[in-house]
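To keep things clear, I will list the structure first and then write my remarks on it.
The values are calculated or read from the model by the stated rules, or taken from the named source; none is laboratory data. Values in this document were obtained by computation on a predicted structure and should not be read as measured data. Because the Cβ atoms are built from the backbone with ideal geometry, glycine has one as well, and the counts that use them run over all protein chains shown. Side chains included, ligands, DNA and RNA excluded: accessible areas come from the protein's heavy atoms. Shrake-Rupley method; radii C 1.70, N 1.55, O 1.52, S 1.80 Å.
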Amino acid sequence: MSSEINHERRRFFGAAAMTLAAAQLGFVRPASAQSKTAGPAAVSTGEYFPGFSTELVKTRGTTIHVLRKGAGRPLLLLHGYPETHLTWHKVAPQLAEQFSVVVPDLRGYGDSGKPHGGERHENYSFRAMAQDQVDVMRHYGHERFLVAAHDRGARVAHRLCLDHPESVEKACLMDIAPTLTMYRGTNQEFATKYMWWFFLIQPFPLPEHIIGLDKEFFLKEMFGGLNKTPGAIAPDVMNEYVRAFSNPDAIHASCEDFRAAANIDLEMDKADDEAARKIKCPLHVVWGTRNTVGSLWDVPATWREKSAASVTGRALDCGHFLQEERPQDLLAELRQFFS
């Protein structure tokens with residue numbers, strides 16, 4: 001009995017010490033805390049996004065930081081983890097010559113709002129994030145639009161296609177297989193190479209505390225492992241990613257994103273499968289030949305299981321960050337698919 005008591009005492013004091021450390025790092029907030037407004041962007045949009053306007057758009061759930069330019073058919077670009085809108089800087093200006101391009105930071109990322117996650121992290125579900133983007137596009141008068149999305153943004157786009165089929169004309173999803181498919185197909189190789197899928201979902205404040213001890217190291221290790229094209233991400237661009245990610249609220253929000261994906265989002269995906277609810281718009285998938293997803297899954301096949309429409313696909317010779325590693329190849333794919 002005494003050993004059990006001692007074990008419980010160790011657990012209690014260990015948790016208390018971790019919580020205290022998290023509080024010192026700024027991670028512990030009241031349940032009602034919410035960042036309702038976004039801070040100013042550190043990157044000069046004139047340098048990376050020439051001619052783009054910048055705005056904070058109020059959605060029903062938070063505030064979304066948006067860049068916008070162009071007068072053609074509306075095209076929404078969604079970034080992934082642990083990036084911001086900046087990941088599109090090599091392709092968005094060229095796309096704006098043909099399309100009305102909208103480039104937001106997802107909720108919880110960059111200079112967008114960072115609401116409290118909720119009991120089941122529902123405020124960072126792909127459903128909540130998808131609703132943000134519908135609200136943003138309607139703010140600009142776009143009821144129906146094209147979507148090109150990478151990584152977490154592509155998972156938001158998947159939910160967008162299912163929850164708002166009337167809004168999406170075509171969608172291009174980059175370097176992902178469906179979330180439920182990937183969790184169900186987890187093996188040692190995937191768990192090792194995509195360890196953050198299992199690390200970030202751990203209960204608060206464990207991942208927040210560990211990441212917060214050396215935010216820049218964590219972020220650069222992530223990019224270094226996923227980027228297979230040396231020099232694709234310039235030092236000043238990396239500095240901006242570090243700037244945006246170093247906000248403790250951003251670290252917490254990104255963990256909430258992954259916690260939701262392993263919890264309430266999976267329930268939604270299972271419900272869609274049971275109801276035979278599928279993507280209705282034409283779908284194009286692109287992935288990097290040197291990244292994990294393409295080596296472990298037949299990417300087009302996984303999406304044909306989720307789609308009632310045509311699915312086309314192509315692999316690019318790069319790692320995870322297609323829009324930064326192979327921007328010209330990606331531009332060609334997007335122009336052809338959306339033409």
Handout entry: Checklist (1) open to solvent by less than 10 Å² (accessible area, probe 1.4 Å); (2) under 15 Å from residue 73 (Cβ atoms) applied to residue 132, failing item
Key = (2)
Practice task
Output yes when any residue across segment 225-236 is in a helix (DSSP H, G or I), surrounded by 19 or more Cβ atoms within 10 Å (Cβ to Cβ) and not β-branched (Val, Ile, Thr), and no when none is.
Solution key: yes
Completion exercise
Counted residues in segment 204-224 being over 27 Å from residue 120 (Cα atoms), part of a helix (DSSP H, G or I) and either without any contact (Cβ under 8 Å) to a residue 12 or more places away in the chain or touching a helix residue (DSSP H, G or I) at 6+ places or on another chain (Cβ under 6 Å) (or both) come to 4
Practice task
Name, by its number, the condition in (1) modelled with pLDDT under 95; (2) buried (at least 21 other Cβ atoms within 10 Å of the Cβ) that does not hold for residue 36.
Solution key: (2)
Completion exercise
segment 258-307: helices (runs of 4 or more DSSP H) wholly inside it with 2 or more residues that are at pLDDT 95 or above and within 18 Å of residue 169 (Cα to Cα) are 299-304
Exercise for the section: Please work out if residue 157 is within 16 Å of residue 257 (Cβ to Cβ) and in a helix (DSSP H, G or I). Expected result: yes
